[in-house]
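Here the structure comes first, spelled out in structure tokens, and everything after it is commentary.
The values are calculated or read from the model by the stated rules, or taken from the named source; none is laboratory data. None of the values given here were measured: they were computed from a predicted structure. Glycine gets a Cβ as well: all are built from the backbone with ideal geometry, and neighbour counts include every protein chain shown.
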Amino acid sequence: MILKYKKINIFYEIKGKGQDDCPLLFLHGWEGSTLSFKYFYDKLTQKRRCITLDFPPFGKSQEPKEPFLLTDYVQIIICLLKKLKIEKIDIVAHSFGGRVAIYLSSQTKLVNKMLLTGCAGIKKRSFIKFLKVKKYKCLKFLSTINLYPKDKLKRLGSSDYKKLSPVMKQTFKNIVNYDQTNQLSKIEVSTLLVWGTLDKETPFYFTKIFKKHIKDCEVIKFKNCSHFAYLERPVLFLKILLSYFC
């Protein structure tokens, strides 16, 4: 099924038993799609009504015609819920999808409870990362005055970033530079964190920040798992989903 937002098509799917007044919404990470949670989505639809979608430009959704802000992705969810006449949702979100979940749960009354895994939204910068950014900015300046080869500069950028179109490069910048830490204390819904101890994208110490600011927050640790802990331990993750949402 298709939702129109700012003249682009957003693909979504809704199915499951009964007319659940509070469906379960799956929000995938950056570069993911409806396939990211497919195994769990298919299992949970046997218990309750579920919704999944492709954030643009991933999966079957179109690329934005102009750079998006995080609020655009939030508005996509709000527009979808209005279209489906849904007033409350439960959320399962990974990484970037967690950013949308944080915003929705802190700024609206649409969320009942949520499970976040490898959730983004907190700005991290180690001293090493700080030095790398400084080095990149210095070399970028030198390239503008032809003192450093521009082709070498291009190879220094993030692999995720380099393969994006100009519109999505700006969208990516808008999102990764947005720190949502101050929104956490506004979250009043029950929140369960499922996190891999070896996560390098959203380090495990993030869970301490979440617990400190969110009133009703618990953590389940997946030892020796990465940023994609939910896919590395699918059976255990499914058991947690069934226990928490069903």
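Of all the residues in region 1-20, those that are touching a residue at least 60 places away in the same chain (Cβ under 8 Å) and assigned to a strand (DSSP E or B) number 5.
When we screen LYS124, LYS113 for residues that are closer than 24 Å to ALA229 by Cα, modelled with pLDDT under 95 and more than 15 Å from the chain's Cα centre (by Cα), the only hit is LYS124.
When you scan region 162-172, do you find a residue that is under 22 Å from ILE102 (Cβ atoms), among the small types (Gly, Ala, Ser) and modelled with pLDDT of 90 or more, even just one? Scanning region 162-172 turns up no residue that is under 22 Å from ILE102 (Cβ atoms), among the small types (Gly, Ala, Ser) and modelled with pLDDT of 90 or more.
Restricting ILE187, ILE175 to those that are at pLDDT 95 or above, among the aliphatic types (A, V, I, L, M) and under 19 Å from SER95 (Cβ atoms) reduces the list to ILE187. Screening region 189-214 for residues that are out of contact with any Ser or Thr (no Cβ under 8 Å at 6 or more places or on another chain) and not hydrophobic (A, V, I, L, M, F, W, C) and picking the one that is nearest to LEU236 (Cα to Cα) gives THR197. Within region 1-44, the set of residues being touching a Leu at 6+ places or on another chain (Cβ under 9 Å) and closer than 20 Å to LEU236 by Cα comprises LEU24, LEU25, PHE26, LEU27, HIS28, SER36, PHE37, TYR39, PHE40, TYR41, LYS43, LEU44. Filtering region 39-57 down to residues that are β-branched (Val, Ile, Thr) and within 16 Å of the chain's Cα centre (by Cα), which residue is farthest from VAL167 (Cα to Cα)? Across region 39-57, the extreme among qualifying residues is ILE51.
Within region 170-196, residues that are among the small types (Gly, Ala, Ser) reach partners that are surrounded by 16 or more Cβ atoms within 10 Å (Cβ to Cβ) and in a strand (DSSP E or B) with beta carbons closer than 9 Å, at six or more positions or on different chains, in the pairs SER190/ASN112; SER190/LYS113; SER190/MET114; SER190/CYS217; GLY196/THR117; GLY196/PHE222. Taking the condition closer than 26 Å to GLU31 by Cβ, in contact with a His (Cβ under 6 Å, 6 or more places away or on another chain) and not acidic (Asp, Glu), does LEU193 pass? No. Looking only at residues in region 16-46 that are surrounded by fewer than 15 Cβ atoms within 10 Å (Cβ to Cβ) and at pLDDT below 95, the one that is farthest from LYS109 (Cα to Cα) is GLN46.
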